[in-house]
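I have a structure I would like to understand better, so I am pasting it below and will then ask my questions one at a time.
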Number of protein chains: 4
Amino acid sequence: MKSYILQIETKYTKGLVNNIAGVLFTHNVEIVNNHAFVEKENEVFFRRTEILGDIDEVKLLYDLYITLSEKAKIILSEKRKKDIVVLCTKEHHCLGDLLIKNYFNDFNANIKAVISNYEKLQPLVEKFDIPYHYITHKNKTREEHDKQIYDTLIPYNPEYIILAKYMRILSPFFIDKFPNRIVNIHHSFLPAFIGANPYKQAYDRGVKLIGATAHFITEELDEGPIIAQDIIKVDHKKTPADLAHEGKELEKVLLSRALELACEDRIFVTGNKTIVFE
Amino acid sequence: MKSYILQIETKYTKGLVNNIAGVLFTHNVEIVNNHAFVEKENEVFFRRTEILGDIDEVKLLYDLYITLSEKAKIILSEKRKKDIVVLCTKEHHCLGDLLIKNYFNDFNANIKAVISNYEKLQPLVEKFDIPYHYITHKNKTREEHDKQIYDTLIPYNPEYIILAKYMRILSPFFIDKFPNRIVNIHHSFLPAFIGANPYKQAYDRGVKLIGATAHFITEELDEGPIIAQDIIKVDHKKTPADLAHEGKELEKVLLSRALELACEDRIFVTGNKTIVFE
Amino acid sequence: MKSYILQIETKYTKGLVNNIAGVLFTHNVEIVNNHAFVEKENEVFFRRTEILGDIDEVKLLYDLYITLSEKAKIILSEKRKKDIVVLCTKEHHCLGDLLIKNYFNDFNANIKAVISNYEKLQPLVEKFDIPYHYITHKNKTREEHDKQIYDTLIPYNPEYIILAKYMRILSPFFIDKFPNRIVNIHHSFLPAFIGANPYKQAYDRGVKLIGATAHFITEELDEGPIIAQDIIKVDHKKTPADLAHEGKELEKVLLSRALELACEDRIFVTGNKTIVFE
Amino acid sequence: MKSYILQIETKYTKGLVNNIAGVLFTHNVEIVNNHAFVEKENEVFFRRTEILGDIDEVKLLYDLYITLSEKAKIILSEKRKKDIVVLCTKEHHCLGDLLIKNYFNDFNANIKAVISNYEKLQPLVEKFDIPYHYITHKNKTREEHDKQIYDTLIPYNPEYIILAKYMRILSPFFIDKFPNRIVNIHHSFLPAFIGANPYKQAYDRGVKLIGATAHFITEELDEGPIIAQDIIKVDHKKTPADLAHEGKELEKVLLSRALELACEDRIFVTGNKTIVFE
């Protein structure tokens, strides 16, 4: 018996749940757990089901497509670790957290490589016997630099690319290659404080809470679908440096959480929003 | 023996704390509690001290001015309830909360009157024997309407004006009359979702948390100094109506908290920020 | 077309979801939303479904019982307001919040009456034209007092009894009459600080957070199934009075939330736990 | 010019603040920041002041003792990193976080050594070139085991001992050696769920939030002064394993925060409570 994740996204029609249940029943699968959601505006049905069984994968997919529609998106994948590549710059807090978790198999991901535009984090990464690619952006156009990163990471065949405080904007060509597969952590509660130096922006605005947001990267800066957000309360005594120091814990937790959700196939993207089945 | 709040805002100089302590000591006051903060950027010192004693008020102020500087802002006020006027439109949740608290003396404020551009909340307010002034905005320019509100509230001599979901923008002339004395509740975590319909904006952006912000009104819409903020977590299942429903509890708590802080003289404004001594 | 809530609690068996879907399909109902949960330990299946349709109620129930088992618990109820009776003592914050919400139809409940062992809150309740029954506990045994309360509330035929800071322990006979139908708010994060004066207990223990817990009443004091909990952070500066003051906002929000969940049939009780379908 | 932390704990008397200010003024120190608190019950005054200056340390202490009382507790310490030793068992999440932070100088502490009753975490610790002492508890009484740990850590002369998920109860003799210097992380919101397996206890009780508590160790199990606490919300879907998994992030953040607070001399202990100057 194997464990699978079945993901379905299709036009909602009456009897749909019944029909899916019927197919699963005839294939004799055990439903370990199940989440579903109907987006009323566009009448789209989303479902994530963990199943267990000796499944004829091709037949099950065929029966589901016949029952639903050939236009439905149906993904049946064995439950397994996802390969990821991490991009970073000079900050270590998110990367360090991911390395520790990777080393102890705390999540459903394998870090295949780390790529950075600085050398600084190489000694840390190499402690964990993970390849570190230092690719400077100096004397390169953005496209040249991103092309080099792209060529470096492609051999690792990552399912997700994790931006662990990678402080550069990625080129459109790069983003287009990985739709809803690049996870970023932004250090504010988006949509507030888009762009550079959000803690300084937060300080200047005099907010009473700071936040962080994990989201998929799209071509619009800091505008991609939000996966997870949280905040901590602050007061007037906090300097921008204090805010940055305290915010790091939040960034760490949220990026790691988003990675987990992605690697467990718990996220659907609809328009510019996510549906997260926790 | 009487209770006083002493508020000081002055240029920071070495020995300042010592000098203030010296003056208070010679006046034989008992310090009930004390908060101070030095804003390093502009080297400004802020202090709020609750004191108890048989005080020669004029003499104490004189001694403080002599010791500090005639340019210092020093306010010595007896601890007592502040008179307020509440403005509202059609939503009852914040107003209802304030009326209950007012009726049972839960906070340091007296609601002298409620003014609204609709009749809807009159029956509620009159249950509590508080004057309700219905001033429609129909067939009036903004300035005419605000002038009428102004003329209506001035006889109540309010120390603070509380916008309990008052859904109109106030005229600059009105705002200028009450610098840092108009408290508003905005139903988002500012600076995100400024302006109309923030829950719909939040829904459309697909955020994973919604918030509310209590702030002083300035001429820039939703840009005034923030007093208090908080959030609640949400997910994809929430409709804009759900967000509005759940957000109301937050709005209620934060507006009431901001009112308490204001009426207890716990808020200093510096630039566009607040220092809140809780 | 009418709106219904269908609640099912039954032994989990393979094909169950399929079978229920089949019955609903043949009755041509529209599923507005649906929540289900399988408790793995005891293999019990819980489901809450909002449905819309011209339903032959008796036939639908019959078909469900035939399909599931005569041992299943199946409740099909029209979506409508629930009648409640509120018990209180001297504190007004929860009661005031409920009265305001009741007056404006903010929730799915009708407050039919308020019963208290003190006269204090009568003027407030009567503002809202709700009957107030003052039933002193003086010179009565607990059973006598509770019998009198029981006799008073029974004519109102309440579906839920809400203890809005009712500061007395109820007799076993009373509790037995209303299994999982008496909702209490306890002013601590249970199971910490059971019993009297939890804010004082919290202060003495030096905790850095205080909380509140809404739960169903069972015969074990403060040990009933928990519906909702939350906390706020505090520090050493807070006195027991401060903790009580700040905690009131939490109590208010949580009791009201629990009431909403109960009156929308979102709570299942299994053993001493709740399953809450939000 | 050097940076110092001045800590004062003394009987509160009128004029006290004035007197301390006077001494600091004559020593020409610059006050970088200052926190004070008067515990009203016992009339004890606590103060933490960061100062900067060319200070005659002995003379300053002398003057403070003369001005206050020889019974006052006065500590003047240069601001510097504190040496710590970490004890752990088999869980890596807190330890990993501390090792990363130590490696990058994220906090005011130096990890001098790690001691564990298992070998499991040795490879991780040695990546960071920190001594790892494996001291099994097998075939030893608790006192024998703790004596061996004690003998091992004493040469490192730690100012604080950090229990990073050290899953054994320490002997009274050991605890007595380090009053308010052993920091533990307990995986519940104390005082709920004292002792073993708090996540299972939480699951069994059906709570809607789980927490963690950083506290100083005293002889009463899980009863020592609380430094920091926080919670996350959970629901009926979470298994004990889920609770443990999600709780780990909280444990990590809180232990690290408590360590920071301790190493920056921000914690005073009074009775069984802490005063934390953040």
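Could you list, in sequence order, the residues of segment D:184-201 that are within 16 Å of D:Arg257 (Cβ to Cβ) and within 14 Å of chain C (Cβ to nearest Cβ)?
D:Ile185, D:His186, D:Phe189, D:Leu190
Considering D:Thr218, D:Thr270, D:Thr274, D:Thr213, which residue is farther than 30 Å from D:Asn105 by Cα and either polar (S, T, N, Q) or within 15 Å of the chain's Cα centre (by Cα) (or both)?
Exactly one residue qualifies, and that residue is D:Thr270.
Now for a separate question. Residues to consider are D:Val29, D:Val23, D:Val44; find the one that is in contact with a strand residue (DSSP E or B) (Cβ under 7 Å, 6 or more places away or on another chain), within 14 Å of chain B (Cβ to nearest Cβ) and either free of Cβ contacts under 8 Å to residues at least 60 places away in the same chain or on the phi < 0 side of the Ramachandran plot (or both).
None of the others qualify; the one that does is D:Val29.
While we're on this one: Name the single residue, out of those in segment C:214-223 being at the interface with another protein chain (Cβ under 10 Å from one of its Cβ atoms) and in contact with a strand residue (DSSP E or B) (Cβ under 7 Å, 6 or more places away or on another chain), that is surrounded by the most Cβ atoms within 10 Å (Cβ to Cβ).
Per the stated criteria, the residue is C:Ala214.
Which of the following residues is surrounded by 20 or more Cβ atoms within 10 Å (Cβ to Cβ), within 11 Å of chain C (Cβ to nearest Cβ) and closer than 26 Å to A:Cys94 by Cα: D:Leu254, D:Leu243, D:Leu259?
Selected residue: D:Leu254, the only one of D:Leu254, D:Leu243, D:Leu259 that is surrounded by 20 or more Cβ atoms within 10 Å (Cβ to Cβ), within 11 Å of chain C (Cβ to nearest Cβ) and closer than 26 Å to A:Cys94 by Cα.
So, of the residues in segment C:159-188 that are of a type in the set (Lys, Arg) and within 19 Å of C:Asp83 (Cβ to Cβ), which turns out to be farthest from the chain's Cα centre (by Cα)?
Here the residue is C:Lys177.
Test D:Ile100 against the stated conditions and say whether it is assigned by TED's automatic domain parsing to the domain that holds D:Asp129, among the hydrophobic types (A, V, I, L, M, F, W, C) and out of contact with any Ser or Thr (no Cβ under 8 Å at 6 or more places or on another chain).
yes
Right, something else. Taking the residues in segment C:202-213 that are over 17 Å from C:Leu254 (Cα atoms) and within 7 Å of another protein chain (Cβ to nearest Cβ) as candidates, determine which candidate is surrounded by the fewest Cβ atoms within 10 Å (Cβ to Cβ).
Per the stated criteria, the residue is C:Arg205.
Still on this structure, I have one more. Identify all residues within segment C:6-16 that are under 28 Å from the mean Cα position of the chain (by Cα) and either β-branched (Val, Ile, Thr) or at positive phi (or both); write none if there are none.
Passing the criteria: C:Ile8, C:Thr10.
Quickly run through segment B:231-240 and pick out the residues that are more than 7 Å from chain A (Cβ to nearest Cβ) and of a type outside the set (A, V, I, L, M).
B:Lys233, B:Lys238, B:Thr239, B:Pro240
Any residue that is within 14 Å of chain D (Cβ to nearest Cβ) and either closer than 25 Å to D:Glu39 by Cβ or of a type in the set (Lys, Arg) (or both) - is there at least one of those in segment B:57-79?
Checked segment B:57-79: no residue is within 14 Å of chain D (Cβ to nearest Cβ) and either closer than 25 Å to D:Glu39 by Cβ or of a type in the set (Lys, Arg) (or both).
Would you be able to say whether some residue in segment D:69-89 is polar (S, T, N, Q) and touching a residue at least 60 places away in the same chain (Cβ under 8 Å)?
yes
Okay, moving on. If you take just the strands (runs of 3 or more DSSP E) that sit entirely in segment D:1-104, which of them hold at least 1 residues that are surrounded by fewer than 18 Cβ atoms within 10 Å (Cβ to Cβ) and small (Gly, Ala, Ser)?
Of the strands (runs of 3 or more DSSP E) lying wholly inside segment D:1-104, those with at least 1 residues that are surrounded by fewer than 18 Cβ atoms within 10 Å (Cβ to Cβ) and small (Gly, Ala, Ser) span D:2-11, D:44-53, D:73-78.
OK, next. Going through segment B:118-166 one residue at a time, which ones are exposed (fewer than 14 other Cβ atoms within 10 Å of the Cβ) and either touching a helix residue (DSSP H, G or I) at 6+ places or on another chain (Cβ under 6 Å) or β-branched (Val, Ile, Thr) (or both)?
B:Thr136, B:Thr141, B:Ile154
Evaluate the following for C:Thr239: is it without any contact (Cβ under 8 Å) to a residue 40 or more places away in the chain and out of contact with any Asp or Glu (no Cβ under 7 Å at 6 or more places or on another chain)?
Spelling it out, C:Thr239 is indeed without any contact (Cβ under 8 Å) to a residue 40 or more places away in the chain and out of contact with any Asp or Glu (no Cβ under 7 Å at 6 or more places or on another chain).
What do you reckon, is D:Tyr203 among the hydroxyl-bearing types (Ser, Thr, Tyr) and within 19 Å of D:Ala109 (Cα to Cα)?
When the stated conditions are applied, D:Tyr203 does not pass them.
While we're looking at this one, here's another question. Could you please let me know if A:Val85 is at pLDDT 95 or above and farther than 25 Å from D:Val253 by Cα?
Answer is yes for this residue.
With A:Ala212, A:Ala262 as the choices, which residue is at pLDDT 95 or above and within 21 Å of A:Asn102 (Cα to Cα)?
Sole residue among the options that is at pLDDT 95 or above and within 21 Å of A:Asn102 (Cα to Cα): A:Ala262.
Also: Of all the helices (runs of 4 or more DSSP H) wholly in segment A:132-234, which have at least 3 residues that are closer than 30 Å to B:Ile231 by Cα and without any contact (Cβ under 8 Å) to a residue 60 or more places away in the chain?
A:198-205
Right, next: Which one of D:Lys233, D:Lys208, D:Lys252 is in the same structural domain as D:Ile161 (by TED's automatic domain parsing) and closer than 25 Å to D:Asn110 by Cβ?
D:Lys252
The values are calculated or read from the model by the stated rules, or taken from the named source; none is laboratory data. What you see is a predicted model, and the numbers here were worked out from it, not measured in a lab. Heads up, the Cβs are rebuilt from the backbone with ideal geometry, glycines too, and the neighbour counts pull from every protein chain shown.
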